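Written out below as structure tokens is the structure these notes cover.
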Amino acid sequence: MAKINTCVFISGKGTNLKRLILNSNQYSFPIKIKLIVCNNKNVEGLKLAKKWSIPYLIFCNKQNLSENKILIELKTKKINLILLAGYMKILSRKFIRSFGKSIINIHPSLLPKFKGLNTFEKVLKNKEKKTGCTVHFVTEKLDEGKIILKKFFYIDKKDNVASIKRKTQNLEYNAFSEAIIKIMK
Ligand code: GAR
């Protein structure tokens, strides 16, 4: 089957990336991960790139210089889709426009609630009844853009930041892959 050339951006542990790699190794899953971009050379997620021999690009310097380098690499590798899997930097308007193709992000809340950082703390502080994750297209505005899908669970009285994070991330792994299949249909 023809797969779409994909680049995954990460900043941390890479548990979402791991699931995406495993799924993309399946014949019927519609993406091929041709490149991983990471803004921190010390994160665990990079080990996955090495383990599966996926080319990767690390940048820790000036954002605009780095974005130009990344754009060149995206073009060279004929990338048609970018997945932000725990990428904690904001892409510039110029980058989004220059790439000109779909960029998808996963966010650990039920958007439009709790954009930005410290999501789990905000969810608890706001005494939400339920929470979850959202997969959406990336636009120039932070955590906005058309929503592809959301998944949720009900919060238990005993839940804390750690348990909410764990439950949210367990939903994320399927949500991301389901969203990719959904946009390809
Ligand atoms: C995920 O929970 C993702 O939703 C979140 O970072 C985590 C990365 O985990 N992303 C954001 O907060 C983006 N605003 P991972 O590195 O183990 O996949």
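The values are calculated or read from the model by the stated rules, or taken from the named source; none is laboratory data. Since the model is a prediction, treat every value here as computed from it, not as a measurement. Here the Cβ positions follow ideal geometry from the backbone for every residue, glycine too, while neighbour counts run over all protein chains shown. In case anyone asks, the SASA skips ligands and DNA or RNA and just uses the protein heavy atoms, side chains included. Shrake-Rupley method; radii C 1.70, N 1.55, O 1.52, S 1.80 Å.
General remarks:
- Between region 1-75 and region 82-154, the Cα center-to-center distance that results, in Å: 18
- Of all accessible heavy-atom area on the chain, the percent that carbon and sulfur account for (1.4 Å): 53
- Taking Cβ atoms as reference points and 9 Å as the exclusive limit, the residues near G14 contribute a net charge of +2, counting Lys and Arg as +1 and Asp and Glu as -1.
- Nearest-ten-degree value, helix 15-24 long axis tilted from longest Cα axis of the chain: 60
- Rounded to 10°, Cα long-axis angle of helix 63-76 versus longest principal axis of the chain: 60
- Relative to its residue count, the chain spans a Cα convex hull of 117 Å³ per residue.
- 222 nm mean residue ellipticity, helices alone, for the chain (DSSP H n ≥ 4; -39,500 (n - 2.57); rounded to 500): -11500 deg cm²/dmol
- Tilt relative to the chain, helix 161-184 - C-alpha long axis, 0 to 90 degrees, to 10: 50
- Accessible surface for region 57-185, divided over its residues, is 59 Å² per residue with a 1.4 Å probe.
- Each DSSP beta bridge with both residues in region 46-185 is either parallel or antiparallel, and the antiparallel ones are about 75%.
- The charge dipole of the chain, taken about its Cα centre with unit charges on the Cβ atoms of Lys, Arg (+1), Asp and Glu (-1) only, comes to about 60 debye.
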